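The block underneath contains the structure these notes are about, expressed in structure tokens.
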Amino acid sequence: MYAMTTADAALPALAPAPVWARRAAHAVALCAVPSGLWRIAMASGVYVGYSDQVLRDVFDIPGWGIAYVVGLSVLAEVAALFPLLLVGDRWRPLRPRALATVAWTASGLLVLVALWQLLVAFTVESRTYISSDTALTVWWFAFAPLFAIPALMTAVTWSYAKRLGRRASGRATPPGAGGQGL
């Protein structure tokens with residue numbers, strides 16, 4: 001006969017993510033798209049406001065810079081999909097508290113990176129490379145959505161941690177009893 005221990009006992013189910021958290025998680029993924037498309041356009045040779053000399057000297061385009069810029073776009077989009085793990089109910093992480101720790105750490109780092117990028121964006125050095133006001137305006141429209149990501153990620157992380165806390169106290173909603181699927 002098999003004796004069940006506390007290690008074998010099933011944990012209460014995690015409550016479904018609220019609709020606003022699901023929308024925020026999807027918004028994070030969408031916020032990364034415009035800057036990625038802008039970078040891919042730059043790597044493809046579309047004029048984005050940089051002279052050919054700046055592309056060669058600063059970004060190494062054509063050359064290895066193309067792989068870097070496209071790789072950065074892909075990496076940014078994959079990272080922007082992370083919040084979907086926090087609102088999905090189709091999988092269960094082996095260590096939900098570790099996932100919450102990673103999410104809080106990512107949220108904090110995103111806030112710091114956003115502050116750093118604002119500092120860089122408003123320096124004279126960063127504005128000297130783009131040759132026209134129109135190109136600079138397009139650049140701002142492409143990169144501005146990235147500044148929403150830290151707030152959205154923090155909100156999604158807070159929702160996940162709150163639902164995780166409810167699960168630990170045994171007040172979770174059973175699967176199928178509420179919320180909406182993806």
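The values are calculated or read from the model by the stated rules, or taken from the named source; none is laboratory data. Keep in mind that what you see is a predicted model, and the values were worked out from it rather than measured. Counting neighbours? That spans all protein chains shown, and the Cβs are built from the backbone with ideal geometry, glycine included. Side chains are part of the model used for accessible areas, which takes the heavy atoms of the whole protein and leaves out ligands, DNA and RNA. Shrake-Rupley method; radii C 1.70, N 1.55, O 1.52, S 1.80 Å.
I'm trying to understand the selection: among the residues of segment 162-182, which are among the aliphatic types (A, V, I, L, M), open to solvent by 30 Å² or more (accessible area, probe 1.4 Å) and at pLDDT 50 or above? Working first, answer last.
Step one: filter segment 162-182 for residues among the aliphatic types (A, V, I, L, M), giving 164, 168, 172, 177, 182.
From what is left, the residues that are open to solvent by 30 Å² or more (accessible area, probe 1.4 Å) are 168, 177, 182.
Passing the criteria: only A168.
Among the listed residues V54, V74, which satisfies the condition of being over 22 Å from the mean Cα position of the chain (by Cα) and of a type outside the set (S, T, Y)? Being over 22 Å from the mean Cα position of the chain (by Cα) and of a type outside the set (S, T, Y) holds for just one of V54, V74, which is V54.
Check whether at least one residue in segment 63-75 is in a loop (DSSP other than H, G, I, E, B), in contact with a Lys or Arg (Cβ under 8 Å, 6 or more places away or on another chain) and surrounded by fewer than 16 Cβ atoms within 10 Å (Cβ to Cβ), and report yes or no. Within segment 63-75 (the criterion being in a loop (DSSP other than H, G, I, E, B), in contact with a Lys or Arg (Cβ under 8 Å, 6 or more places away or on another chain) and surrounded by fewer than 16 Cβ atoms within 10 Å (Cβ to Cβ)), the answer is yes, since at least one residue qualifies. Scanning segment 27-62 for residues that are in a loop (DSSP other than H, G, I, E, B), open to solvent by less than 40 Å² (accessible area, probe 1.4 Å) and touching a Phe, Trp or Tyr at 6+ places or on another chain (Cβ under 7 Å) yields a total of 2.
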